[in-house]
Every structure is written in C-alpha cells, then in structure tokens.
Amino acid sequence: MQASFAEFVGVDGCPAGWVAVTLARDGRLEYRVFPTFDAILCQHRRALILVDVPIGLRDAGADERVCDREARRLLKRRRSSVFPAPVRAALSAPNYEAASRINREKTDGRRGLSRQSWAIVSKIREVNEHLAGREQPAPVVREMHPELCFWGLKEGHPLRHNKKTQEGYGERIALLSQLVAGAVELVDTVLREKRRGVLRRDDVVDALVGAVVARLGGGCLKTLPETPECDSVGLPMEMVYFAVQTTAAE
C-alpha cells in the first residue's frame, strides 16, 4: 500500500501553529511550519499524515478511549505523556472552566479536563473540523502519539528520559538516526532558522518520529487497540505505530 503515498508526513502542534516533517520516498527530509492544519492538507494531497492530537472522541460516558488507557499501560514511566482526550462537546467551550465542567458532566462526574488537555483543545478542534465527514483518502490522516511511536521503534520498551531534557533528546535522536539519514541535521537546521517562540526542539522530534513511522509502516501500521472503535462522526479512536521486533522475538 506504500506505493499509493507520494510522501510521509509527521505533524505536531507548535507555538506558531503546526510543524510538518516530510520524509520523501527517496529519503529526503524537509520541514515546514504551517499556520493551520488545513494548509497542511492542501500542501500534502498524496501523503500519509500522522498527527499528534486525539482524533476520534467520545461523546459521553465514564470510560476513556481504549487507546489512551492501553498507551499508558505500555508506556509505563512515560505514561503521563498521554493526556486524557476531551469529550467532543468540550471542544466548543469558551474557556478552561467551561470545558472542564462539560467534560465532567458528560463523563458521569468522573473526569474534569486537565490543564494539559485544555492546552491542545484548539488543535484537536481544528483537526476534527477538517476530518469529520471528510472522505479519505487524499490525504490519509491518522492519529499517533510520539512516545508510543518511540516505544514501537525501541522493540516495545518505553524511553527512559523526558523529551524536554538533554538526555531525552539524545535518546530520541539516536534512535531516529538509526532509521533515517539526516535526522540530526534536520533538527539543527530548525533550531538555527526558527526562534523558540515559533518552534521548540521537541516539537520537531515529535513530528520527525511521525514521519519515520509513516514511512516504515505505510498502509500496514499497527493500531492501539488492535480493533479500534469509531466515534459518532465516524472517526477511529486509535493510535498508530510501527512495531520493530528482535530476531529472537520473531
């Protein structure tokens, strides 16, 4: 199925909007900052795009998305990186207090909304507005979580260090450099060309791992859970990843 994709794109939110890292079929790496998610879709019409925001959302009920629960279980020491996804109604709230109240009401009083989740609600809303009711493919957009992607690339082991530390960066870029040429050079170029107020180092690394996983897995990515549910507007509640296996495991 990879033959149907002209390029492979990892996307992460950043202070200036969105950063997209593109891995071409010939291995060429590029990056670009976009003001809107729609601009990414227009630029990459024949791509497989993996984006680091929740896509399929629950309308109500006490249960979290299965992919969120399963990702935390697998990530162990990195479990706190998986923020609880909001219910769909919370996306239209005007402020954090209202969003948290709506989320609590819709989850039978079980869960308000964390500040971390609220910080990405505008990104979630933007992606959902463009995907709900939209026919795939062209391009294909799927949800990924960077730490789950790294877990898969590291043969089912969570990374040791927080991504914002120097140790965490070293751990991640070393793994990516084994899989794609020019990973270090790409990050160095971004940091040289963009101010921190536009783009942070971990934003680039998160987008980069999405591009690498998209290229490795193509149309055969694994999903968490193995059989995802779809939400009320038809979007899958899933996280995708590529599983690297040792010879012994095979």
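Along the stretch 17-28, what does the Karplus equation 6.51 cos²θ - 1.76 cosθ + 1.60 (θ = phi - 60°) give for ³J(HN,Hα), rounded to whole Hz, x for Gly and Pro?
x, 9, 10, 10, 9, 10, 10, 6, 5, 8, x, 5
Given contacts defined as C-alpha pairs under 8 Å and at least six residues apart, what's the relative contact order of the chain, whole-number percent?
It rounds to 30 percent for the chain.
Restricting to the chain, compute how many DSSP beta bridges are antiparallel as a %, nearest 5.
Antiparallel: roughly 65 percent of the beta bridges in the chain.
Any idea what the dipole of the stretch 1-132 comes to, in debye rounded to 20, about its Cα centre with Lys/Arg Cβ at +1 and Asp/Glu Cβ at -1? Show your work: numbers first, answer last.
On the way: 23 positive and 16 negative charges, 110 e Å.
So the magnitude is around 540 debye.
Grab the Cα-Cα distance for GLU229 and GLU129, subtract it from 0.36 nm times how many residues apart they are, and report the gain in nm with one decimal.
Gain on stretching GLU229 to GLU129: 34.1 nm.
Would you list HIS44, HIS130 from fewest to most Cβ contacts within 10 Å?
Placing the least packed residue first, the sequence is HIS130, HIS44.
Just want to confirm a number: the relative contact order over the stretch 1-150, from Cα pairs under 8 angstrom separated by 6+ residues, in percent. Provide the component values of the computation, followed by the final result.
Working: 230 pairs, mean separation 37.7, N = 150.
This gives 25 percent for the stretch 1-150.
Any idea which of ASN103, CYS220, CYS42 is furthest toward the positive side of the dipole for the chain, if Lys and Arg beta-carbons carry +1 and Asp and Glu beta-carbons -1?
Result: ASN103, furthest along the dipole toward the positive end.
Going by how many other beta carbons lie within 10 Å of each one, how would you line up THR223, THR22, THR165, fewest first?
THR165, THR223, THR22
Between TRP18 and residues 5 or more places away or on another chain, which pairs have amide H atoms under 5 Å apart, with H built 1.01 Å from N, and which residues are they?
The answer is PHE34.
Which one of GLN245, PRO15, VAL33 has its Cα pushed farthest toward the positive end of the charge dipole of the chain, where Lys and Arg give +1 and Asp and Glu give -1 at the Cβ?
It is PRO15.
If you place +1 on the Cβ of every Lys and Arg, -1 on the Cβ of every Asp and Glu, and leave all else neutral, what size is the dipole of the stretch 151-250 about its Cα centre, to the nearest 20 Debye?
Dipole size: approximately 540 debye.
Bear in mind that the values in this text are calculations on the coordinates, not laboratory data. Remember, predicted model here, so these are calculated numbers, not experimental data. Reconstructed Cβ throughout: ideal geometry from the backbone, glycine too, with neighbour counts over all protein chains shown.
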